[in-house]
Amino acid sequence: MRNIKEPVIKNAILHILNNREEFKKMSDYTLELDDKIKEFIKKHILKSVNDDKTRAAKFEGENNSVKISCNNIFENPDTFVKSSKEIANQLFISMSNKTISPADLIVVSFESNSKNYLALLKMDYNEIYRHDVEETEDGKTKTKLVVDERSSLPNLNQKLQKSAFIQPENNDNNFDIVILDKQTNSKSADQDIAQFFLRNFLNAKLEKDDKHKTRVFKNSTIDFVNEKYEDSKEREEIISYMYNTLERKSQINIREFSDVISEENQEEYVEFLISEDIGDYEFKPDKEIINNKKVVIKTREDIQIRLDKVLYDEKRYIKVKTLDDGGYEISIKTDNYDYNIK
């Protein structure tokens with residue numbers, strides 16, 4: 001489920017959950033899926049499931065209502081509408097705190113790489129989309145998703161803050177859910193997500209999978225090195241060694257890796273990784289995290305250049321030259337560029 005690339009939308013439904021006005025409206029019909037609606041949902045799935053802040057999690061409890069409803073959909077797609085209402089009702093109950101943003105819940109059944117998945121998308125209200133409600137002659141409710149004509153890829157203000165992606169229950173799976181929760185300010189990843197969405201709604205527990213451990217190792221090592229080493233060449237050497245280690249090694253032991261850190265900082269480095277929730281001293285590097293490398297060049301004048309490490313290593317588009325006076329000359333080569341004032 002970590003490698004969803006081209007989701008095929010099979011079914012979707014929208015339920016309205018306005019906790020601040022203690023109002024909910026459950027749809028009795030699935031959404032009408034034209035190409036624009038499919039593309040809108042697909043882009044949100046891809047942006048969310050591939051977000052750097054996602055975490056793996058497992059359902060807890062035998063009587064977990066969301067787990068049971070999801071399994072019902074996987075086992076019998078004809079229960080999609082009924083089971084989606086049960087999922088939406090559980091989210092509405094979990095949103096009892098009025099500080100939680102009212103939203104629509106879009107439940108999506110989709111396929112990727114010949115496997116079936118469910119997406120639970122909490123859609124906080126914005127100007128990019130709206131819902132319409134139609135009451136049918138037989139007293140049923142039909143909701144519609146209306147997308148603004150200007151909408152394309154979700155920007156920062158349109159990206160989902162909370163979403164969950166569920167895969168069918170299987171004893172071979174290390175996790176059931178990929179969860180995204182971006183709205184809390186706490187430093188700890190567990191505290192970030194372990195709020196109403198994870199605990200009260202999904203009743204799930206975070207798992208420290210290899211993707212999480214690789215991300216913590218990479219980001220925390222870079223943060224530690226940037227703080228402890230003033231010399232830019234030393235910083236670059238250690239960070240390059242870290243990337244090479246991630247690429248070459250099938251297993252990494254953080255105590256063994258700490259040998260590259262100056263002796264007086266080694267124990268502090270290991271303790272820092274543990275405090276950042278890496279979990280274990282050993283892990284298997286996740287290739288997707290390894291390949292997603294960025295280089296950020298920042299000058300004393302607060303000029304920043306950000307690019308893929310592959311482009312930086314090629315030295316074709318950007319070059320850094322050491323000057324005789326000890327300064328640096330940075331040159332960029334391109335056949336086109338955009339200029340914007342923000």
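The values are calculated or read from the model by the stated rules, or taken from the named source; none is laboratory data. Since we're looking at a predicted model, the values are computed, not measured. Glycine also receives a Cβ, built like all others from the backbone with ideal geometry; neighbour counts cover every protein chain displayed. Note: areas computed on protein heavy atoms with side chains; ligands, DNA, RNA excluded. Shrake-Rupley method; radii C 1.70, N 1.55, O 1.52, S 1.80 Å.
Between helix 232-248 and the chain there is an angle of about 60 degrees, using the helix long axis and the longest principal axis of the Cα atoms.
Classify region 58-104 as rounded, prolate or oblate, taking a ≥ b ≥ c as the square roots of the eigenvalues of its Cα gyration tensor: rounded when a/c is under 1.5, otherwise prolate if a/b is larger than b/c and oblate if not. It comes out oblate by the Cα gyration axes. When a/c reaches 1.5 or more, the comparison of a/b and b/c decides; with that in mind, is region 1-116 rounded, prolate or oblate per its Cα gyration tensor? The shape class here is rounded. Contact order for the chain, expressed relative to its length and based on alpha carbon pairs under 8 Å spaced 6+ residues apart, stands at 16 percent.
Electrostatic tally near Asn116: other residues with Cβ closer than 15 Å to its Cβ, Lys and Arg +1, Asp and Glu -1, net -4. As a rough guide to protection, the peptides 226-234, 44-52 ranked by mean Cβ packing within 10 Å, highest first, stand as 44-52, 226-234.
On a per residue basis, region 8-207 carries 49 Å² of accessible surface, using protein heavy atoms and a 1.4 Å probe. Angle between the Cα long axis of helix 266-275 and the longest principal axis of the chain, 0 to 90 degrees, nearest 10? The helix 266-275 is inclined about 10 degrees to the chain.
Determine the shape class of region 294-334: with a ≥ b ≥ c the square roots of the Cα gyration tensor eigenvalues, call it rounded for a/c under 1.5, and otherwise prolate if a/b is greater than b/c, oblate otherwise.
On the way: a/c = 2.22, a/b = 1.37, b/c = 1.62.
Oblate.
Taking the accessible area of region 1-72, probe 1.4 Å, and keeping the other protein chains in place, the carbon and sulfur fraction comes to 44%. Share of pairwise Cα-Cα distances greater than 19 Å in region 1-65 is 58 percent (whole percent). Volume of the convex hull of region 8-207 (Cα atoms only), normalised per residue: 130 Å³.
For volume of the Cα convex hull per residue in Å³, computed directly from the structure shown, the correct entry in (1) 166; (2) 207; (3) 185 is (3). Annotation for region 1-53: GluC sites (Glu not before Pro) lying in DSSP loop with at most 11 further Cβ atoms inside 10 Å of their Cβ are Glu22, Glu32.
A simple count of charges around Asn226, restricted to other residues whose Cβ falls under 12 Å of its Cβ and scoring Lys, Arg +1 and Asp, Glu -1, yields -3.
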